[in-house]
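Asks: If you scroll down you'll find the structure; I have some questions about it.
Quick note: the coordinates plus some simple rules give every number you see, no bench work behind them. These figures come from a predicted structure and were not determined experimentally. Note that each Cβ is placed from the backbone with ideal geometry, even for glycine, and that neighbours are counted across all protein chains shown.
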Amino acid sequence: MRRLLSSRSGLRYFTTSLNLQSRRGGNEHFNYNRSSPLLFGVDEDASEYARFPRLTAKELATYREPPRGVKTLVRDFIHDALYNPHYGYFSQRATIFSTAKHFDFRNMRDSSVFDAAVAAHYAESGITSGIDRNGPGKQLWHTPAELFQPWYGQAIAQCLVSEYLLKFFPYEDFIIYEVGGGNGTLALNILDYLREEYPEVYERTHYRIIEISPNLANIQREKLESHAKSMQIINRSIFDWDTHVPMPCFFVALEVIDNFAHDIIRYSMNNSKPYQALTTTNASGDYDEIFEPVSDPLITKYLEYRKQAGHIPPAFAHPLSSSPTLRRLRAQLPFSPNLSRAEFVPTQLFSFLEILRDKFPLHHLLLSDFSSLPDTISGGGYNAPVVQTRYRDTMVPCSTYMVQPGYFDIFFPTDFELLRDMYELVMVSARPPRSVGDDTSTAPVRLDPNFFSSRGRRRFPLDVAGVSSSSGRRNVYTHKDFLRKYSDAPATTLRSGENPMLDYYSNVKFLF
């Protein structure tokens, strides 16, 4: 989770400009109006792109350099740009800001002193002295867990342990899964807090980090050596998870889902049918977008679930856009687009929810990330990402997601109200059958079908022990409200009365 730094005016680096020429040919497969500034065009015959092989993120992971002459779904392009093991941004360039010791908030005069202290630590980390001043600088970003250690981690620990003591202790062990553990600071602060404040719980704690990055996994092992008996580092992607976990557990995902890849869809202005975007890379390494009717199973499933959850596509949310007749009339106007404005849909996040349902059926999710972002890509459409890199010691926002893989951070805002409704709907939907012998626990478990329900639509759930509880409903909190509830707020209060841990990250929400 990053606080965006200011950039110098107008600078754009490592972006590929798109040639918005007039459409040639009438192939409906790639039929969209490039005279509209809302739509991207192609600079080659559509027949050239039709010959390109279509690759998935799994296939792209085998390449040591970004391939050319290929096309991919947008989510596969973005995932590869961030996580390719050979050239991905997080695999090769990203560094998480960390301090050797925590800030002494109570003795700081005001927030300007705190900001200066953070800037000084950035300088010590080498951010102001890029090794190659003519290329990308050190890709350093920070999280609340690092800036406000140990108190942020202690707040997370208090949230989890309160729920554990209420619902599971002493009948079940305290099992915590964290996806994307960063430097291991959050895990360290949680385990230190449990050991000091709840020793009986600590003895029954099993903390497991699911980490895609080998480099970060090694850092985590070193940092968490003092908790080796309670820790397990699992170096794999959560999207490759294939183990069934039948025990009650807590699943923590903080500052993670903003980097989950999205797809792009547009709707036909004539018949409202959705079209999916493909990203193409030609022989010269230039990028482009093409559109085709939605056929991808994951996109199709996401759109079906969103409809069931009662959420209208943003393209049709405006009263004038909700009328099919008005949309058809608009499409007949000169120079009008024949597809709607682009929408980035969180298909990989949806896949994550299905994994939680299928592989962690008794989980309790604690999730936090951005609910809104400034400086998103220009003309990017609904739910557009921020794309940025550090160049000559300056953070540079970019105008498109179609950038050189590995050099740019690409991250998205999350509609938490939509996420909450989709989460509840996915959790109560049908699960695929499990193989005999999947269970590794003989403890009797009884789970009401409404376990993941929201108040006002379904009954309160039954806990594992069969006791009615109101804590099963998912709540969306602002960053400040969540930390007010669970943190030791005086510990991060400055002499002026300001509290950076509560006041910063105002564009962040929690789901719990």
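Asks: Using Cβ contacts closer than 10 Å as the measure, can you line up 105, 260 from fewest to most?
Replies: 105, 260
Asks: So which of 71/307; 58/101; 223/301; 167/359; 359/509 end up more than 32 Å apart, counting from Cα to Cα?
Replies: 58/101; 223/301
Asks: Could you list 160, 298 in order of exposure, starting from the residue whose Cβ has the fewest other Cβ atoms within 10 Å?
Replies: Fewest-to-most ranking of 160, 298: 298, 160.
Asks: Follow-up question, since we're still on this one. Within a Cβ distance under 14 Å of residue 200, other residues only, what is the Lys/Arg minus Asp/Glu net charge?
Replies: -3
Asks: Once phi is turned into θ = phi - 60°, what whole-Hz ³J(HN,Hα) does the Karplus curve with 6.51, -1.76 and 1.60 give for every residue of the stretch 347-359, x standing for Gly and Pro?
Replies: 5, 6, 5, 4, 4, 4, 4, 5, 5, 4, 5, 7, 9
Asks: Another one. Sort out for me the Cα centre separation of the stretch 353-388 from the stretch 243-276, rounded to whole Å.
Replies: Rounded to whole Å, the Cα centres lie 7 Å apart.
Asks: Would you mind ranking 501, 247 by Cβ crowding within 10 Å, fewest neighbours first?
Replies: If I rank by nearby Cβ atoms, fewest first, I get 247, 501.
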